[in-house]
Amino acid sequence: KLERDIPGNAPEHMHLKMSPLQQRLYAEAIVQFRAALKSADGRGAMLAMLHRLRTICSNPAAIAFEDAEFLPLDEHLQHSPKLEWILRHLERIHSAGEKAIVFTEFRDVQRLVQRAISARFDLHAEVVNGSTSVDPTSDQSRQRVIDRYQAKHGFNVIILSTTAVGFGVNIQAANHVIHFTRPWNPAKEDQATDRAYRIGQTRSVHVYCPTVVAQGYESFDQRVDSLLRDKRALSRDMLAGVQELTVNDFNTL
């Protein structure tokens, strides 16, 4: 039986309207990019802009405020539709007594989501990323953190780096998968999602991709979502390996 041959839903792409702060930061980033093109190499300027646009979509306060990590949580929620959405959705998962995985490879976002979950649910959501020990004798090893998460009765959340958790990790206690940010390689995203599609999973697995959208133009989140879909479709049609996104894929953004 194939791992995905269990009751489940296709990924849900939640479209979230940009906050006023995000709209302002986005416009400023484009102006800065055009100015940088006149004095720097195009590829370097493009990479810097894409990193900035990604941050604006996922953690806008980190761009707007130097002390973003110390801002009141309410201020983050006011400016970040993704953070507001994930807490609202986790409320439903909490009510159902189920478990969720939140995927993001960015450390600032991991800390922000962890802090928000702690404040809303009085729950310490553990983080597994590239800094997590793989020593099996350590109480904070990757496997022991995951084992504790799975063993806890009822609602629980774990935050995982998309790139740090690959083959050999089974998290079948979770049946909600949230990709807070998206990797540039669709195969890595699928591999991350598959952590919940393991032998022993008996419930429908729900996958969510919250996407910040703009009015009148395509946002960074929207472009990444579109590109990932296209790359997946191409790999299926051509029976070829899935290709990672490149800077050139964003030339017309």
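Note on K231: aspartates and glutamates with a C-alpha under 15 Å away, same-chain residues under 8 apart excluded, are E189, D190, E244, D249. Relative to the longest principal axis of the Cα atoms of the chain, helix 20-37 runs at roughly 60 degrees.
By the gyration tensor of its Cα atoms, with a ≥ b ≥ c the square roots of the eigenvalues, what is the shape of the stretch 109-160: rounded for a/c under 1.5, prolate for a/b over b/c, or oblate? Since a/c reaches 1.5 but b/c is at least a/b, the shape of the stretch 109-160 is classed as oblate. Under a Gaussian network description of the chain, with springs only between Cα atoms under 10 Å, the residue in E28, E69, E98 that fluctuates furthest is E28.
With a 1.4 Å probe and all protein chains left in place, how much of the accessible area of the stretch 17-68 comes from carbon and sulfur atoms, in whole percent?
Here carbon and sulfur together make up 56 percent of the probe-accessible area.
The alpha-carbon of K17 sits under 23 angstrom from the alpha-carbons of these lysines, leaving out residues fewer than 8 places away in its chain: K82.
Peptides 70-79, 175-184, 86-95 ranked from most to least packed by the mean count of surrounding Cβ atoms within 10 Å: 175-184, 86-95, 70-79. Considering only V102, L71, L25, the residue lying farthest towards the positive end of the dipole of the stretch 1-129 is L25, judged by Cα position with unit charges set on Cβ.
Only protein heavy atoms count here; on that basis, with a 1.4 Å probe, R52 has an accessible area of about 80 Å².
Could you tell me the accessible area of V113 in Å² (1.4 Å probe, neighbours in place), rounded to the nearest ten? That residue has around 0 Å² of solvent-accessible surface. Remark on Y208: its backbone amide H falls under 5 Å from those of E12, V177, I178, H179, a criterion applied only to residues 5 or more positions apart or on other chains, H modelled at 1.01 Å from N.
Taking amide H as placed 1.01 Å from N in the peptide plane, the amide H of E126 sits under 5 Å from that of I159, each at least 5 places away or on another chain.
Summed over qualifying helices (DSSP H, 4 residues or more, each -39500 (n - 2.57)) and divided by its residue number, the chain shows a 222 nm mean residue ellipticity of -14000 deg cm²/dmol. Comparing S161, S138, S118 in a Gaussian network model of the chain where C-alpha atoms under 10 Å apart are linked, the largest mean-square fluctuation is found at S138. For the options Y208, Y26, Y217, a Gaussian network treatment of the chain with springs between C-alpha atoms closer than 10 Å singles out Y217 as fluctuating the most. Working note: Karplus 6.51/-1.76/1.60 with θ = phi - 60° gives the stretch 48-63 the couplings 4, 5, 4, 4, 5, 5, 4, 5, 4, 6, 9, 8, x, 4, 5, 8 Hz, where Gly and Pro are set to x.
Close amide H pairs (under 5 Å, H built 1.01 Å from N) link S133 with R142, residues at least 5 positions away or on another chain. Rounded to the nearest 20, the size of the Cβ-charge dipole of the chain about its Cα centre is 320 debye, with Lys and Arg at +1 and Asp and Glu at -1. Remark: the stretch 42-47, residue by residue, has Karplus-estimated 3J(HN,Hα) of x, 5, x, 5, 5, 4 Hz, where x stands for each Gly or Pro and the curve is 6.51 cos²θ - 1.76 cosθ + 1.60 at θ = phi - 60°. Phi angles across the stretch 177-189 convert, under the Karplus curve 6.51 cos²θ - 1.76 cosθ + 1.60 with θ = phi - 60°, into 3J(HN,Hα) values of 10, 10, 8, 5, 10, 10, x, 8, 10, x, 5, 5, 5 Hz, Gly and Pro given as x.
The values are calculated or read from the model by the stated rules, or taken from the named source; none is laboratory data. Here the structure is a predicted model, which is why all the values come from computation and not from measurement. Note that each Cβ is placed from the backbone with ideal geometry, even for glycine, and that neighbours are counted across all protein chains shown. Protein only, heavy atoms only, side chains kept; ligands, DNA and RNA dropped before computing areas. Shrake-Rupley method; radii C 1.70, N 1.55, O 1.52, S 1.80 Å.
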